[in-house]
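Heads up: the structure comes next, in structure tokens.
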Amino acid sequence: MKKGLILLLGVITSLVAVSQNIQDAKKYIYYERNKSAEDLLQQIVKAEPANAEVWYLLSKAYLSSDNPAPLRNILSQAPASLKSEPYFQVAYGSYLLNNGNKDSAKYYFDQALDKTREKNADILSAIANAHITAKTGDAGYAVELLNKAVNREKKDPALFTMLGDAQRKLGNGSDAYKTYSLALDKDGRYAAALYRMGKIFVSQKNPEMYLKYFNQALEADSSYAPAVYELYYHYYFTEPQKAMDYFKQYVAKSDPSKTNDVLYTDLLYLNKQYQDAIGNAQQLLGRNNNADSMPRLYKLMAYSYLGLKDSANAMTSMNRYFSKEADTNKVAKDYEVMADLYAGVEGKQDSAIAYYLKTVEMAKEQPDKFHFYRKLSDLYKDQKDYLNQAKWLGMFYKDNPKASNIDLFNWGIANFKAEAYDQADTVFGTYIQKYPDQAFGYYWRARVNSLSDSTMEKGAAIPWYNQLISMIETDTTNKTNKKWLVEAYGYLAAYQTNQVKDYKAATENLKKILAIEPGNKDAQQYIIVLGKKISADNNNSTTGTTK
């Protein structure tokens, strides 16, 4: 009898230990400590391989983690006797649904529901959870299942919270908020419900409200790491030091991970602790044998080197990042940094241009693109490629609410230098239309037309020189005005001499030049020449002969 009692006590003790471990695993999953849950549940299935609920929890932990891939192999190791158990059928169905096999998943879910006659709240909620978490899941069906579960377990805050999750997936934030409130009616300190309320307001971009609920979640349960992470993420963009404080709290309350290691390096950089960021990144890469799974570290090193004004090492690190990171993970900023680095190296302007072009292609917001248009125009200007400079200056000016008259002017000048006279004429025409009281548009439109009509056959520049003269002729003390007037009067005189043969009018314009610039030798010389022509014409007229 003693041996029997000892054996019975051992069995009871073992069962109690397993039960306690299962509860601990559920807590790990609740706190999103999935790796800890996986490790503990792996131990439990070795001790209790016939426990179907443990296999389900193991599948739930893996499907909630960053690496669900091993789950298929793990489930294949379960005893054959479990294959018909409802919990295991939900586990396998969850795996199938996560992989997009909806019809096959439904087969296993329906079997589990039939065997429990849809009266087991745990099975109902487990299937609902699969539909909520899987991309291909049916949130409407999850709501239906959870309503049945809630009717059977009316005091469980977890069920109400899950129901709110399903409603959020359907896009019904208002109903979700009410349902989370019902969860808190059951347990006012249920942190997950407070956290989910905060997530509603994150989607609405309402920081006042989401900060309130995330802080309340931590007041209810200081171990609830997901809320700490959201606080870190919020302050990441506004207060780096505060973000660092919350991140350290998050690390202390969550499982170790390579992702956290990279995020810490990121925060070191953000807090301008550049040397520490570089050292931490190098340490992590060394620890992981320069693993290609952490390419972001090279980018963080590059940014930190830039912070230290070490462009050579920044270039080396960015090249390593580009060689190791998948193209789908690269963002516009990555290409911009590469472009900036190449732009600072003599003879590498072509590479800088190529990266800026890629940056423009990837940039989603128009305001960001204007910045890159400007950089491209500057690079082409340095290469004296005025046609492409004009192209990107035009892109910068069009639809840009911050573009100025200077930007419009520069666009016109680039076209002028590129000898794209028709486009330059259009741009300076726009300048006159927008800024009719400024002389620049008239002067440069006259210059453009003087070159496009180089023989003066059409007199295309005459209207613009005349308008320029009427604007500035009263202010000859201004050096620019004086220069432009000399040019304008000279052009008019040349046109009158060569095209219309009006030597008197030409002489009058040349005298106007001398009035503002008495020492102008060209004007003096041409007046003499024209005077002789006028005298000759008068003599010919008197004698009755013609040319």
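The values are calculated or read from the model by the stated rules, or taken from the named source; none is laboratory data. Only a predicted model underlies this, so the values are computations on that prediction, with no experimental measurement involved. Methodologically, a virtual Cβ is constructed for each residue, glycine included, from the backbone with ideal geometry; neighbour enumeration extends over all protein chains shown. Accessible surface areas use protein heavy atoms only, side chains included; no ligands, DNA or RNA. Shrake-Rupley method; radii C 1.70, N 1.55, O 1.52, S 1.80 Å.
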Scan segment 407-415 and tell me whether some residue there is closer than 23 Å to residue 436 by Cβ, surrounded by 20 or more Cβ atoms within 10 Å (Cβ to Cβ) and touching a Gly at 6+ places or on another chain (Cβ under 7 Å). yes
Touching a Lys or Arg at 6+ places or on another chain (Cβ under 9 Å) and either at positive phi or open to solvent by less than 50 Å² (accessible area, probe 1.4 Å) (or both) - does that describe any residue in segment 247-254? yes
I'd like to know if segment 451-460 contains one or more residues that are assigned to a helix (DSSP H, G or I), out of contact with any Cys (no Cβ under 8 Å at 6 or more places or on another chain), surrounded by 13 or more Cβ atoms within 10 Å (Cβ to Cβ) and not hydrophobic (A, V, I, L, M, F, W, C). yes
Considering only segment 255-283, state which residues are polar (S, T, N, Q) and open to solvent by less than 70 Å² (accessible area, probe 1.4 Å). 257, 260, 265, 271, 273, 280
For residue 359, work out the one condition from (1) at pLDDT 95 or above; (2) crowded, with 21+ Cβ neighbours inside 10 Å it doesn't fulfil. (1)
Hand me the list of helices (runs of 4 or more DSSP H) wholly inside segment 156-224 holding 3 or more residues that are farther than 24 Å from residue 124 by Cβ. 191-203, 207-220
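Based on what the data block shows, is residue 493 of a type in the set (Gly, Ala, Ser) and over 53 Å from the mean Cα position of the chain (by Cα)?
In short, yes.
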Just to be sure I understand, how many residues within segment 154-211 are acidic (Asp, Glu) and either open to solvent by less than 70 Å² (accessible area, probe 1.4 Å) or closer than 19 Å to residue 27 by Cβ (or both)? 4
Find all pairs meeting these conditions: Cβ atoms under 7 angstrom apart; at least six residues apart or on different chains; first residue within segment 108-127 and modelled with pLDDT of 95 or more; second residue in a loop (DSSP other than H, G, I, E, B). 121/153; 123/116; 124/118
When you look at residue 483, is it of a type in the set (Lys, Arg), over 26 Å from residue 429 (Cβ atoms) and open to solvent by 80 Å² or more (accessible area, probe 1.4 Å), yes or no? no
Can you tell me which condition residue 68 does not meet? The list is (1) assigned to a helix (DSSP H, G or I); (2) open to solvent by less than 50 Å² (accessible area, probe 1.4 Å), and all the others hold. (1)
Residues of segment 76-117 classified as in a loop (DSSP other than H, G, I, E, B), within 19 Å of residue 131 (Cα to Cα) and open to solvent by 80 Å² or more (accessible area, probe 1.4 Å), total: 1
